[in-house]
Amino acid sequence: MTLALSRAQARRIALAAQGFRDSRHAVPTMRTLTRTLDRTGVLQIDSVNVLQRAHYMPLFSRMGGYDPDLLTRAAERAPRRMVEYWAHVAAFMPVDLWPHMRHRMRGYEARGHEWAAIRHRPELVGSLLAEVRERGACTPRDLDDGLPRTKEHWGWNWSETKKVLEFLFASGQLAVAGRNGAFERLYDLPERVLPLEHLEAPEPTRAEASRELVRRAARSHGVGTEPCLRDYYRMRPVDSRTAVAELVEAGELVPARIEGWDRPAYLHVDAARPRRVGARALLSPFDPVVWERERAERLFGFRYRIEIYVPEAQRVHGYYVLPFLLGDTIVGRVDLKADRRGRRLQVLGAFAEPGAPEHTATELATELRALAGWLDLDTVDVAMHGELSPDLMVAVKEQDSA
């Protein structure tokens, strides 16, 4: 039997699965963070810091203002609750997912030739492992021979040390103990990073791991197509398709047909199906709700492209644009920048989506004020760019004077 869902029902299911029906705590705690991570499954990591680094934002979107040290404690101090790995792309994931990533690690190890340094300098693998074992958590710069780097294109050229350390990390022979002030990975031995109960857990078969990854993706998405579920943990199609079929057979996934979608979908059997979701949140470009752009367009009728790499003159909305979620609908988007020296949250552009309600500017002003407070910024400054900006400017001034 196939369940029929309207697009609005599918939206609400997806948002509830992501934690947008949970009430925000006045003072979020480690328990709040753990609950939120359980909803999202992963927190994508990105180095862009024009507003706030990507992995902090989904927590704010769901929890409200929280102490960022909660994330540092969860990721870098015992007992670790999350660990960095290539779970989606570079991402934090719950520590208990480590065993289910071992087949992925073995694949990276078998393909070691893809790292040029491994092919040309295989002796570096053993020597760098020994160096990390002796010295503790290190960055590539700590271990490098000091050869100069040249900056070309979009970033620093990787040294041979960096390439080997990345290979050892991808293959599970090293783990990430944290990041330094320059946002560089600190590599260490897995036994000094992972809780032993997860490090020494029996290794699942590839089929078992695939079922668990699809199971978690379905729990975090609520409802989605097989490609949606596959993308969540960046799985191979052959693995995700088999796992979906097996979970349908086991009754954990329910086949569904979503209004306007041309592909079959699958509902997690325990997914909540609320009649209303009263969310109000700014979404990072790397938030699981919108990171798969086709899914976001199908669910919300919202076409979204990040324009960081688009030349400025060709940008439509701006450099770092966040969708604004109100209720169960994306009603607008804002181009934001944190001016830390001037202690201002700059709204460089504000745009309404078709059909946005009249109170969009007021609700957005409230959320921007909350974001500024969390970022320790004093003011919200709205530039006159975008059709929503005049009303938003008025709403911000009214709230400031209230």
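The values are calculated or read from the model by the stated rules, or taken from the named source; none is laboratory data. Being a predicted model, the structure only gives us computed values, none of them experimental. Every residue, glycine as well, gets a Cβ built from its backbone with ideal geometry; the counts of neighbours run over all protein chains shown. Heads up: the accessible areas ignore ligands, DNA and RNA and are worked out on the full protein's heavy atoms, side chains in. Shrake-Rupley method; radii C 1.70, N 1.55, O 1.52, S 1.80 Å.
Brief remarks follow.
- 2 or more residues open to solvent by 80 Å² or more (accessible area, probe 1.4 Å): qualifying helices (runs of 4 or more DSSP H) within the stretch 65-127: 102-110, 116-120
- Filtering the stretch 338-352 to residues that are open to solvent by 30 Å² or more (accessible area, probe 1.4 Å) and farther than 12 Å from residue 321 by Cβ leaves 339, 340, 341, 342, 343, 344, 346, 352.
- The stretch 31-57, subset over 20 Å from residue 273 (Cα atoms) and either part of a strand (DSSP E or B) or in contact with a helix residue (DSSP H, G or I) (Cβ under 6 Å, 6 or more places away or on another chain) (or both), residue most open to solvent (accessible area, probe 1.4 Å): 44
- Exactly one residue out of 35, 31, 53 is under 30 Å from residue 258 (Cα atoms) and among the charged types (D, E, K, R), and it is 35.
- Failed item in (1) open to solvent by 40 Å² or more (accessible area, probe 1.4 Å); (2) not in a helix (DSSP H, G or I), with residue 307 passing the rest: (1)
- Every test in (1) open to solvent by 70 Å² or more (accessible area, probe 1.4 Å); (2) in contact with a Pro (Cβ under 6 Å, 6 or more places away or on another chain) is passed by residue 387 save one, and that test is (2).
- Only residues that are open to solvent by less than 50 Å² (accessible area, probe 1.4 Å) and either touching a strand residue (DSSP E or B) at 6+ places or on another chain (Cβ under 8 Å) or assigned to a helix (DSSP H, G or I) (or both) were counted in the stretch 181-206, giving 10.
- The residues on offer are 243, 209, 256, 250, and the sole one that is of a type in the set (Gly, Ala, Ser) and open to solvent by 10 Å² or more (accessible area, probe 1.4 Å) is 250.
- Residue in the stretch 311-333 that is most open to solvent (accessible area, probe 1.4 Å), counting only those that are of a type in the set (A, V, I, L, M, F, W, C) and within 14 Å of residue 349 (Cβ to Cβ): 316
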